[in-house]
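Below: the structure, in structure tokens.
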Amino acid sequence: MDDSRSTSGYRWQMTGVGEPLVRVRFALPAPGPGEALVRVAGCGVCHTDLGYLFDGVKTRGSLPLALGHEVSGVVEAAGAGFAPLVGRAVIVPAVTPCGQCPACRTGYGSICATQTMPGNDVQGGFASHLVVPARGLCVLDGEPGLLEGGTFGDSGCTLAELAVIADAVTTPYQAMHRAHVKERDLVVVIGLGGVGGFAALIGRALGATVVGFDIDGRRREMLSAHGVAKVIDPSGREARDLKNEVRAFAKDAGAPAVCWKIFECSGSAAGQDLAWNMLGPGAYLSVVGFTMAKLEVRLSNLMAFDAKAAGNWGCLPEHYPGAVRLCRDGKVPLKPFVETYPLDRIQEVMTMVREHRVSRRPVLIP
């Protein structure tokens, strides 16, 4: 461990549902075996954080707890076997499976019982530093200037801004990977917020024709300006009419009439209802957003349409390099969809996100 670095850090901790976050200092720990101490460059604000802080969604770790699972930073120290990571710029996976259990060994690391999620299982990234598993870290190779405030490839983003890759980009990337999205597919994205906006951009980068739904005009305008083929305001409209509009658009655009790839990213009951009603012959529905609300649906639609429905929890670390390449090469633009704030404004920013007063993904910088 470099003796020249600070011996203490700080974090903003949640102490209870709806309670103000509290700034506390802590002594920087020496990482144990398999761990890394990361100095946070940036941490994105996700709606999952709002669920914990405001809506009573329970964290697996006990309170007080620093939230934040969308982290980029620099490795300051590492446990035995991971010394080469020290000094490297990294993306911290939002979820790191153990890699050893039966679920992990059979390709189902997303359901690993001992997975580690910062800001849920352990102290998170709304902090100056955090300790995370070293094995899953995604090293940003070939860009030494990042450590001096430079930008990453053609993305135009600083290391702090790249924090959004850790969840908002990689989560829909894995969902698209599982759906086998390819050129000339028709991709329908419900909700064009942080995750949904990047889902639409990833679909476009993979060669699909993308239709996006959102009630926020600012989001529709931004995504349309960045190549999303059609954006629709679903407000006050019947699902049948919206489906017919997509069907007509697909015909005019030369996109398939069947086997649509549908991604529910709004995390709302209305969005999930619309996504379900978009099902058609051979469709694939991926549920990416989360809500505590319940729906009444007719499951027989899956049988009648020979369709599939699947959930998507985070992204396995092995998929991160593919998502990073799309961002580095400018195929998935980040810069226009990110805005940064000082970490000390966290309470204000969380409230702004909750009240839908932001249209870009906020990243907090210590």
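The values are calculated or read from the model by the stated rules, or taken from the named source; none is laboratory data. The shown structure was predicted, so the numbers you read here are calculated from the model rather than taken from an experiment. Cβ sites come from the backbone with ideal geometry, for glycine too, and all protein chains shown count toward neighbours. Only protein heavy atoms, including side chains, enter the accessible area calculation; ligands, DNA and RNA are left aside. Shrake-Rupley method; radii C 1.70, N 1.55, O 1.52, S 1.80 Å.
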*Pair list, Cβ < 6 Å and 6+ apart or interchain, from segment 308-337 residues that are charged (D, E, K, R) and at pLDDT 95 or above to residues that are in a strand (DSSP E or B) and surrounded by 15 or more Cβ atoms within 10 Å (Cβ to Cβ)*: LYS308/TYR284
_Yes or no: segment 8-17 includes at least one residue that is open to solvent by 50 Å² or more (accessible area, probe 1.4 Å) and free of Cβ contacts under 8 Å to residues at least 60 places away in the same chain._
yes
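Under the condition of being among the hydroxyl-bearing types (Ser, Thr, Tyr) and either within 13 Å of GLN174 (Cβ to Cβ) or under 21 Å from the mean Cα position of the chain (by Cα) (or both), which residue from segment 278-319 is least open to solvent (accessible area, probe 1.4 Å)?
SER286
If you go through segment 102-133, how many residues are within 29 Å of LEU50 (Cβ to Cβ) and either touching a residue at least 60 places away in the same chain (Cβ under 8 Å) or over 21 Å from the mean Cα position of the chain (by Cα) (or both)?
First, pick out the residues of segment 102-133 that are within 29 Å of LEU50 (Cβ to Cβ): 103, 108-133.
Filter again for either touching a residue at least 60 places away in the same chain (Cβ under 8 Å) or over 21 Å from the mean Cα position of the chain (by Cα) (or both), leaving 103, 109-111, 117, 119-133.
The number of residues fulfilling the criteria is 20.
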_Failed condition for ALA83, given (1) free of Cβ contacts under 8 Å to residues at least 24 places away in the same chain; (2) more than 18 Å from LEU28 (Cα to Cα)_ = (2)
_Single unsatisfied condition, GLN100 versus (1) assigned to a loop (DSSP other than H, G, I, E, B); (2) in contact with a Leu (Cβ under 7 Å, 6 or more places away or on another chain)_ = (2)
_Qualifying position, being out of contact with any Cys (no Cβ under 8 Å at 6 or more places or on another chain), open to solvent by 10 Å² or more (accessible area, probe 1.4 Å) and at pLDDT 95 or above, among ALA41, ALA66, ALA80, ALA36_ = ALA41
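This table checks each residue for (1) open to solvent by 50 Å² or more (accessible area, probe 1.4 Å); (2) of a type in the set (A, V, I, L, M, F, W, C); (3) over 28 Å from GLU221 (Cα atoms).
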residue	(1), (2), (3)
ALA257	yes, yes, no
CYS265	no, yes, no
PRO321	yes, no, yes
PRO362	no, no, no
*Scan ALA163, ALA199, ALA168 and give me the residue that is assigned to a loop (DSSP other than H, G, I, E, B), open to solvent by less than 10 Å² (accessible area, probe 1.4 Å), touching a strand residue (DSSP E or B) at 6+ places or on another chain (Cβ under 6 Å) and touching a residue at least 24 places away in the same chain (Cβ under 8 Å).*
ALA168
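Can you name the residue in segment 182-196 that is outside any loop (DSSP other than H, G, I, E, B) and open to solvent by 20 Å² or more (accessible area, probe 1.4 Å) and is also farthest from ASP273 (Cα to Cα) among such residues?
First, pick out the residues of segment 182-196 that are outside any loop (DSSP other than H, G, I, E, B): 186-190, 194-196.
Now restrict to residues that are open to solvent by 20 Å² or more (accessible area, probe 1.4 Å): 194-195.
Values: GLY194: 20, VAL195: 18 Å.
In this case the residue turns out to be GLY194.
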*Among the residues listed as CYS157, CYS101, the single one being closer than 30 Å to THR209 by Cα and either in contact with a strand residue (DSSP E or B) (Cβ under 8 Å, 6 or more places away or on another chain) or at pLDDT 95 or above (or both)*: CYS157
*asked:* For segment 83-112, give me each residue that is of a type in the set (Ser, Thr, Tyr) and surrounded by fewer than 19 Cβ atoms within 10 Å (Cβ to Cβ).
replied: THR106, TYR108, SER110
_Every residue in segment 44-57 that is surrounded by fewer than 18 Cβ atoms within 10 Å (Cβ to Cβ) and either among the acidic types (Asp, Glu) or in a strand (DSSP E or B) (or both), please._
ASP55
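Being modelled with pLDDT under 95, more than 23 Å from TYR341 (Cα to Cα) and not β-branched (Val, Ile, Thr): is that true of GLY149 here? Reasoning before the result, please.
On the way: modelled with pLDDT under 95: yes; more than 23 Å from TYR341 (Cα to Cα): no; not β-branched (Val, Ile, Thr): yes.
Here the answer is no, as GLY149 does not meet what is asked.
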*Tell me which residues, restricted to segment 208-253, are closer than 15 Å to LYS182 by Cα and either out of contact with any Lys or Arg (no Cβ under 8 Å at 6 or more places or on another chain) or among the charged types (D, E, K, R) (or both).*
none
*Has segment 340-351 got any residue that is of a type in the set (Ser, Thr, Tyr), more than 16 Å from ALA168 (Cβ to Cβ) and either part of a loop (DSSP other than H, G, I, E, B) or open to solvent by 40 Å² or more (accessible area, probe 1.4 Å) (or both)?*
yes
*With respect to ARG23, determine if the residue is surrounded by fewer than 18 Cβ atoms within 10 Å (Cβ to Cβ), in a strand (DSSP E or B) and not aliphatic (A, V, I, L, M).*
yes
*asked:* One residue is enough: does segment 113-128 have a residue meeting the conditions modelled with pLDDT of 95 or more, open to solvent by 10 Å² or more (accessible area, probe 1.4 Å), among the aromatic types (Phe, Trp, Tyr) and in a loop (DSSP other than H, G, I, E, B)?
replied: no
